[in-house]
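As C-alpha cells, the structure follows; a few thoughts come after it.
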Amino acid sequence: MSNHQDAIVEKRKKLKIVFYTDDYLPAVDGTVNYIVSARKELERRGHRVYIFTAGNRETQKITKKDRRVIVFKGISFTKYPQYTIAAQPQFASTIKRINPDIIHMHTPFVMGVFATMAKKVTGAPLIGTFHTMVFSDEVLSHYLSKNKFVRRVAKSIIIRYLRYTYSKCDLVLTPSDYTRRELEKIGIKRIQTLHTGTINRIHKKLSMNASREKLGQSKSKHIMLYLGRVSHEKNIEVIIRAAKALDKNGFDIVIAGSGPAEKSLKEMAAAKGASNVMFVGFIPKKQLCSYYSSADVFCNPSMFETLGQTTIEAMAEGVPVLVPKHSAQEEFTLRGNCGETFNVKSTKDLIDKAVKIVNNRNRYSPASVARKYSVTESTDILLDAYYRMLSEDDNLDPDKKHVIRLF
C-alpha cells in the first residue's frame, strides 16, 4: 500500500485521544467549556476521548460515573483559574493501558508535564493548545505582584518554561491569530491557529422585551452586558469608569458572573455613584439566552483573551459586540460586520462606539460571524490536525504537514 493510501486509511480510523488539563469541572471558563464541547463532538463521531485532570472532591463527585475521566486528587493553588497540583500514581501503566493515538495538552503546568511524559512512554504525537495568556502583565500584576521588577523576573521564568514545554509538542494550536503572534514573539514554534469553537447551534433569538420582563429589566433603557468571570484581568474597570457618562446616554450596565474582583468592582461603582451598574452574579446555563437577548450591546473589555468565548455566544444570539482594539477579540470585527472596536484607554471612545451601535443596531449581523466558530467546524479542523500528525506520507512538504485549514 502506498504512503498516500496509508494516509487515507489512517483518516478513517477511529482515534483514542487523551486530553491533559489542570483545569476541569466544576470550573466554568473558556478552557473547560472547550474541552467539554470538543470531547462531546469527537465522541459523537465515534472517537474515544479520555481526560486526565487534577481536581478536588467536587471534581471527583461530578465525574464519578465517567470511566474515561481520570481525576488525580491534589491541592488547589489558585481559585481563578481553578488549577490543582496533583501527582499521578502508576502513571506509566495507566497511559500504556489506554495506548492513545493522540495526546492533547490543554494546560502547560503539572498535567502538561505529564502529557510530555506520556509522549515519551507511548510514542504518540503530542499536540498542545494554548488557552490562557499566563504571562500577560494583567495577570502577573493582579495575581503576583505590583512590583515591576518582580513581574519582569516572573515573566522571564514563565516564558522560558512555556518555550521549553511547548517545544515538546509536535504542533501547537492557538485560538486566534493574535495569540499565535504573541507566542511567536516569545520563541514558540510550530504554531497554527485553530479557533476553539463551542457554539453548537445558533438559537432563535428571544424577544428583547420578553427577556427584559423575565429578568426584571427596564424596557426603556439601552443595556450594555458583560458576562464572564469577574476578575481583574478582564478589565471591567473600563466599563465602570464610563458608567455615569453611559447613564446620561440612556444605558444600564449589567455585570453577570462571579469572581475575585466582584467586591472591589462593586465598591468602585458605589464610589463613582454609578447607580446604573447592576451586578447579578453567576448565571445558570439555562438563563444565559435571556441575558444575551436582553442586551443592546455586549462589551468584553479584556485584553487578556486568547479568543473570547462569551463574546462569540453573544454574537450567536444576535447581539452586536464592543471589543478592544489590538486584541484577540478584534478578529471578530475583522471577519464580519458584528460590532465595533474601541481604545481601552479612552472612556470617550467606548461611549461613542456604544452609542453608535444602538443607533445603528440593524446594520450589524453578528450571528453570521458566530457561525464560523461552531464546534462542528472547529472539530473538523482539529481532526485534520490529528490525522496530519499521524500521517507518514514522506512526500508531504515538512512545513505543510502543520498547515491547518482556517475558517
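Tally up the residues in the range 32-62 that are assigned to a loop (DSSP other than H, G, I, E, B) and modelled with pLDDT under 90, please.
1
Please enumerate the residues belonging to the range 144-188 that are under 13 Å from Phe130 (Cβ atoms), among the acidic types (Asp, Glu) and more than 17 Å from the chain's Cα centre (by Cα).
Glu184
Restricting to the range 65-95, and then to whatever is in a loop (DSSP other than H, G, I, E, B) and modelled with pLDDT of 90 or more, can you tell me which residue is nearest to Met117 (Cα to Cα)?
Of the range 65-95, the ones in a loop (DSSP other than H, G, I, E, B) are 65-68, 77-83, 87-90.
So of that shortlist, the ones also modelled with pLDDT of 90 or more come out as 65-68.
Values: Lys65: 27, Asp66: 24, Arg67: 22, Arg68: 19 Å.
The selected residue is Arg68.
Which members of the range 258-273 meet the condition of being of a type in the set (Gly, Ala, Ser) and either more than 23 Å from Ile199 (Cα to Cα) or modelled with pLDDT of 95 or more (or both)?
Once the filter is applied, which keeps residues that are of a type in the set (Gly, Ala, Ser) and either more than 23 Å from Ile199 (Cα to Cα) or modelled with pLDDT of 95 or more (or both), the range 258-273 yields Gly259, Ala261, Ser264, Ala269, Ala270, Ala271, Gly273.
Give the residues of the range 236-251 that are buried (at least 19 other Cβ atoms within 10 Å of the Cβ) and either over 17 Å from Pro324 (Cβ atoms) or at pLDDT below 95 (or both), sorted by residue number.
Here is the first cut: in the range 236-251, the residues buried (at least 19 other Cβ atoms within 10 Å of the Cβ) are 236, 238-240, 242-243, 246, 251.
If the condition is that a residue be buried (at least 19 other Cβ atoms within 10 Å of the Cβ) and either over 17 Å from Pro324 (Cβ atoms) or at pLDDT below 95 (or both), then Ala243, Phe251 are the ones that fit.
From the residues in the range 121-171 that are at pLDDT below 95 and of a type in the set (Lys, Arg), which one is farthest from Gly187 (Cα to Cα)?
Lys146
The values are calculated or read from the model by the stated rules, or taken from the named source; none is laboratory data. Nothing here was measured: the structure is a model prediction, and the numbers come from that model. Cβ sites come from the backbone with ideal geometry, for glycine too, and all protein chains shown count toward neighbours.
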